[in-house]
Each structure stands twice: as C-alpha cells, then as structure tokens.
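Contents: one structure, followed by commentary.
The values are calculated or read from the model by the stated rules, or taken from the named source; none is laboratory data. Everything quoted here is computed from the prediction, not taken from an experiment. All Cβ positions, even for glycine, are placed from backbone atoms using ideal geometry, and neighbour counts span all protein chains on display. Calculation scope for accessible area: heavy atoms of the full protein, side chains included, ligands and nucleic acids excluded. Shrake-Rupley method; radii C 1.70, N 1.55, O 1.52, S 1.80 Å.
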Amino acid sequence: QVQLMESGGALVQTGGSLRLSCAASGIMFTNSIMAWYRQAPGKQRELVAGIVGGGNTNYADSVKGRFTISRDNAKNTVYLQMNSLKPEDTAVYYCNAFARLRTWWGQGTQVTVSS
C-alpha cells in the first residue's frame with residue numbers, strides 16, 4: 001500500500017519560510033518522480049515543482065528562485081523549501097508520486113501566508 005505523508009504546513013507571514021516534507025512508503029522511491037502540487041480555493045490544482053530520482057528538477061515560473069525541491073532517497077522523503085512566501089502562495093500543498101504509469105497523492109497540508 002502506497003502512502004505519502006505530508007507535514008510542515010502552517011500559517012506564516014509574508015516574506016517568511018516553510019519547509020514541507022513528504023515521507024513515502026510502499027513505492028520504489030528512487031525510481032519515482034516526486035512532485036509538489038498546490039490548490040488554492042476556487043482554483044485548479046497546479047504543479048509547483050518536480051524532481052526525478054537522479055535529482056533533476058523543474059519549477060513553476062511563479063516559484064522559481066523562491067522554492068527548492070529536494071529528495072533524500074535514503075529516507076524516502078521529498079522536501080519543498082519555500083522562501084519569500086507571498087499571500088498568493090496560500091493553498092493546500094499535495095505530495096505526488098509517479099512511477100510505472102501510476103500516480104499517488106498525499107492528503108495535503110495547508111499553507112497560509114498572511115499579508
């Protein structure tokens with residue numbers, strides 16, 4: 001059974017930082033593409049950042065230079081370091097895993113940035 005457990009969401013002021021974590025189990029983590037998505041109220045879920053097993057990354061234009069995705073294959077964990085947070089970053093952040101043509105989602109963690 002695949003499980004993705006996110007943590008680290010919180011209320012933070014504009015300009016602040018947060019680090020989200022996602023611990024994965026039940027998958028071949030090293031062979032999985034891991035990603036963070038977010039969904040704000042009334043908006044579609046959108047890709048924030050992704051990372052492949054070898055470490056190559058991609059980011060949404062809106063977070064480039066502020067967010068960093070990383071992974072620890074020994075701990076089966078993916079991280080999202082978020083700096084210089086803005087109110088428009090407020091959303092539920094979801095961890096996503098993709099492997100062997102299948103995808104899994106975590107339950108989400110709320111990030112709220114106050115102005």
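Residues that are open to solvent by 20 Å² or more (accessible area, probe 1.4 Å) and either of a type in the set (Lys, Arg) or over 15 Å from ALA35 (Cβ atoms) (or both) within the range 85-115 comprise LYS86, PRO87, GLU88, THR90, ARG100, LEU101, ARG102, GLN107, GLN110, THR112, SER114, SER115, listed in sequence order. For the range 54-84, which residues satisfy the criterion of being open to solvent by 40 Å² or more (accessible area, probe 1.4 Å) and among the polar types (S, T, N, Q)? Across the range 54-84, the qualifying residues are ASN56, THR57, ASN58, SER62, THR68, SER70, ASN73, ASN76, GLN81, ASN83, SER84. The set of residues in the range 2-24 that are over 14 Å from VAL113 (Cα atoms), open to solvent by less than 50 Å² (accessible area, probe 1.4 Å) and over 10 Å from the mean Cα position of the chain (by Cα) comprises VAL2, LEU4, ALA23, ALA24.
The residues listed here are ASP89, ASP61; of these, the one that is of a type in the set (Asp, Glu) and closer than 19 Å to SER115 by Cα is ASP89.
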